[in-house]
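Engineer: To start, I am sharing the structure in question, which I have written as structure tokens.
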Amino acid sequence: MVTISRIRTKRFFEASSIRWKILLAFFVIVGLSFAVAATNLTGLVRDYLFEQRTREDSLLTEKAALAVAPFFDAADPEKINQTLKENAQAMDGRLMLIDQDGKVQYDTLLDMSGHRLQLQEVLQVLNGTAEQAYGIHSPGEKDAARMGGSEYSGQLAYSVHAMDGEDGQIGALLFVSRIQSLMDSLGTVQWQLISVFVLIAIAALVLALFLSQILTKPITEMSRSMRKMGKGDLSVRVPVRGSGELRELAENYNTMAAQLERLDKTRNQFVSNASHELKTPLTTMKIMLETVMYQPDMPEELRREFMQDMNHEIDRLTGIVTDLLTLTRMDGDKNGMKQEAVDMSALTEEVIHMLTPAAEKRGQQLEGSIEPGLHMMGDRARLNQILYNLTDNAIKYSPDGGKITVSLREEQEKLVWRVRDNGVGIPAEDQEHIFERFYRVDKARSRETGGTGLGLSIVKQLVTMHGGEITVHSEPNRGSEFKVVFPRGGAAE
């Protein structure tokens with residue numbers, strides 16, 4: 001039970017690995033996208049808020065500087081104090097009036113009067129580098145806590161603007177504002193954005209988990225089917241669902257499984273037929289041999305007849321083995337054909353010339369109708385074997401005194417061989433099977449003519465290797481016509 005549980009657990013993780021990989025990839029993509037989006041959006045909000053605050057503080061500081069500059073130039077302390085207090089109250093901050101030497105002349109909180117400030121923003125304005133300057137400071141920085149007041153420890157913003165008198169620049173006005181509330185608001189906005197993105201990411205991951213299960217289900221079913229096929233069940237198929245690549249994958253898989261099942265059945269049938277075909281002559285020879293062995297007083301003529309019969313069976317057995325070896329070589333070496341220019345007209349005449357004596361021996365008429373000068377790319381020896389086997393079959397299965405016609409024509413830029421006889425013909429129900437290995441229309445008659453049942457299978461294989469097609473048209477008792485069509489370029493086309 002423990003072993004079965006481990007196997008099931010292992011299969012579960014194997015089946016789920018693709019799903020988790022999809023989820024991990026989705027998590028990485030979504031996580032990175034959301035992180036970049038949150039960072040950019042937070043940065044945009046921060047920059048916008050800071051820009052708005054900088055603009056407001058600078059405008060208020062400029063306005064206050066213009067208001068107090070005449071009184072500072074006229075050395076009117078009462079007006080200066082009144083103007084600074086009114087503006088500081090309206091601006092909700094601290095104002096300091098600084099002379100050209102960097103010394104604080106007036107301070108709305110009073111405790112910095114008489115001190116020299118070495119703030120960068122102040123020095124920029126007093127040196128004439130800029131007419132106004134703006135900066136943000138934290139409590140730990142120099143003078144930041146003192147500038148914000150004794151009880152304040154948050155961040156401060158310094159806004160400095162030049163003050164001009166009748167004789168030129170007479171000093172600068174410093175506006176110190178507390179911006180911790182702005183930073184707190186920014187932090188709140190940032191956490192809200194992060195929370196929203198986290199919720200969206202979680203929802204997206206839940207949806208991705210659901211979708212990944214749907215997407216990987218066909219693959220899981222296919223993997224399960226493959227395991228069954230690995231155990232020998234070639235009849236298993238996967239359901240075809242959905243559309244797109246997964247549907248195409250399922251259809252291709254089922255097509256492959258059907259081909260494998262058909263190939264397995266063909267192989268089993270071939271082995272069964274081959275065993276039967278090999279066993280028959282062996283059984284016949286064994287019976288005749290035992291008869292000769294256990295009948296020593298057998299007449300010499302009968303003994304000679306038995307020996308001739310055994311010799312005939314040996315020849316038939318040799319023919320079967322030779323044809324089997326031929327088919328095996330063609331199955332294993334489909335790309336081993338020669339590719340050369342073959343004179344098909346001359347080859348057709350040669351085959352007719354070779355088989356004419358066999359036809360004349362039976363009083364048959366073997367005629368050729370050949371269009372001259374026809375060539376194609378292919379293996380000459382194998383092309384010869386195709387026509388030889390077809391013509392030889394026509395001679396064997398035609399009656400004595402019959403007529404066989406072999407023709408070669410070019411039709412629609414293709415070469416066409418036709419071998420026609422006026423023999424017994426082939427029944428319609430057998431015509432689609434005659435190219436199968438060991439298939440015979442009339443088994444008794446086939447054995448009488450010395451056939452192995454493999455000749456037409458070899459012919460079809462050779463035709464296919466040359467990129468051609470072979471068909472048959474036959475009517476019982478009226479003869480048969482085999483038609484072979486080749487592209488001019490052979491298998492290359």
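The values are calculated or read from the model by the stated rules, or taken from the named source; none is laboratory data. Just so it is clear, the structure is predicted and the values come from calculations on it, not from any experiment. So basically every Cβ, Gly included, is an ideal-geometry build from the backbone, and we count neighbours across all protein chains shown.
Engineer: What number of residues within the range 199-213 satisfy the criterion of being more than 12 Å from Trp20 (Cα to Cα) and in contact (Cβ under 8 Å) with a residue 60 or more places away in the chain?
Structural biologist: So the count comes out to 3.
Engineer: Filter the range 213-224 for residues that are of a type in the set (Val, Ile, Thr) and surrounded by 15 or more Cβ atoms within 10 Å (Cβ to Cβ); which is modelled with the highest pLDDT?
Structural biologist: Thr220
Engineer: Among the residues of the range 119-134, are any modelled with pLDDT under 85, polar (S, T, N, Q) and touching a helix residue (DSSP H, G or I) at 6+ places or on another chain (Cβ under 7 Å)?
Structural biologist: No.
Engineer: Return only the number of the condition from (1) assigned to a helix (DSSP H, G or I); (2) of a type outside the set (Asp, Glu); (3) closer than 30 Å to Trp191 by Cβ that Lys85 does not satisfy.
Structural biologist: Among (1) assigned to a helix (DSSP H, G or I); (2) of a type outside the set (Asp, Glu); (3) closer than 30 Å to Trp191 by Cβ, Lys85 violates only (3).
Engineer: Is there a residue in the range 199-212 that is of a type in the set (S, T, N, Q) and either within 18 Å of Ala25 (Cα to Cα) or at pLDDT 75 or above (or both)?
Structural biologist: yes
Engineer: Identify, please: which residue in the range 180-197 is hydrophobic (A, V, I, L, M, F, W, C) and farther than 28 Å from Gly93 by Cα and is, among those, surrounded by the fewest Cβ atoms within 10 Å (Cβ to Cβ)?
Structural biologist: Trp191
Engineer: Here's a follow-up. Of the numbered conditions (1) modelled with pLDDT of 80 or more; (2) exposed (fewer than 12 other Cβ atoms within 10 Å of the Cβ); (3) within 30 Å of His375 (Cα to Cα), Asn311 fails exactly one; give the number of that condition.
Structural biologist: The single condition Asn311 does not satisfy is (3).
Engineer: Only residues that are surrounded by fewer than 14 Cβ atoms within 10 Å (Cβ to Cβ) and either of a type in the set (S, T, N, Q) or at pLDDT below 75 (or both): list them for the range 248-261, please.
Structural biologist: Within the range 248-261, Asn252, Thr255, Gln259 meet the criteria.
Engineer: Among the residues of the range 43-61, are any among the basic types (Lys, Arg), more than 30 Å from Gln169 (Cα to Cα) and assigned by TED's automatic domain parsing to the domain that holds Tyr106?
Structural biologist: Yes, the range 43-61 has at least one match.
Engineer: State yes or no: is Gly401 farther than 22 Å from Ser457 by Cβ, over 46 Å from the mean Cα position of the chain (by Cα) and outside any strand (DSSP E or B)?
Structural biologist: yes
Engineer: Let me ask something else. Look through Leu347, Leu374, Leu324 and report the one residue that is under 29 Å from Pro427 (Cα atoms), under 60 Å from the mean Cα position of the chain (by Cα) and either at pLDDT 80 or above or not assigned by TED's automatic domain parsing to the domain that holds Asp421 (or both).
Structural biologist: Leu324
Engineer: Take the residues in the range 474-493 that are surrounded by fewer than 14 Cβ atoms within 10 Å (Cβ to Cβ) and not in a loop (DSSP other than H, G, I, E, B); name whichever of them is modelled with the lowest pLDDT.
Structural biologist: For the range 474-493, the residue satisfying everything is Ala492.
Engineer: Only residues that are surrounded by fewer than 20 Cβ atoms within 10 Å (Cβ to Cβ) and either not charged (D, E, K, R) or not assigned by TED's automatic domain parsing to the domain that holds Glu349 (or both): list them for the range 403-424, please.
Structural biologist: Answer for the range 403-424, where residues must be surrounded by fewer than 20 Cβ atoms within 10 Å (Cβ to Cβ) and either not charged (D, E, K, R) or not assigned by TED's automatic domain parsing to the domain that holds Glu349 (or both): Thr405, Ser407, Gln412, Val416, Asn422, Val424.
Engineer: A further question on this structure: State whether one or more residues within the range 158-180 are under 17 Å from Val45 (Cα atoms), of a type outside the set (Lys, Arg) and at pLDDT below 85.
Structural biologist: Yes, the range 158-180 contains at least one residue that is under 17 Å from Val45 (Cα atoms), of a type outside the set (Lys, Arg) and at pLDDT below 85.
Engineer: Could I ask something else about it? Six or more apart or on different chains, Cβ under 8 Å: which pairs go from a residue in the range 381-392 that's over 15 Å from Ser345 (Cβ atoms) and in the same structural domain as Glu350 (by TED's automatic domain parsing) to one that's of a type outside the set (Gly, Ala, Ser) and surrounded by fewer than 17 Cβ atoms within 10 Å (Cβ to Cβ)? Could you list them?
Structural biologist: Ala381/Lys338; Tyr388/Met354
Engineer: Condition test on Asn422, is it at negative phi and touching a Ser or Thr at 6+ places or on another chain (Cβ under 8 Å)?
Structural biologist: Criteria met by Asn422.
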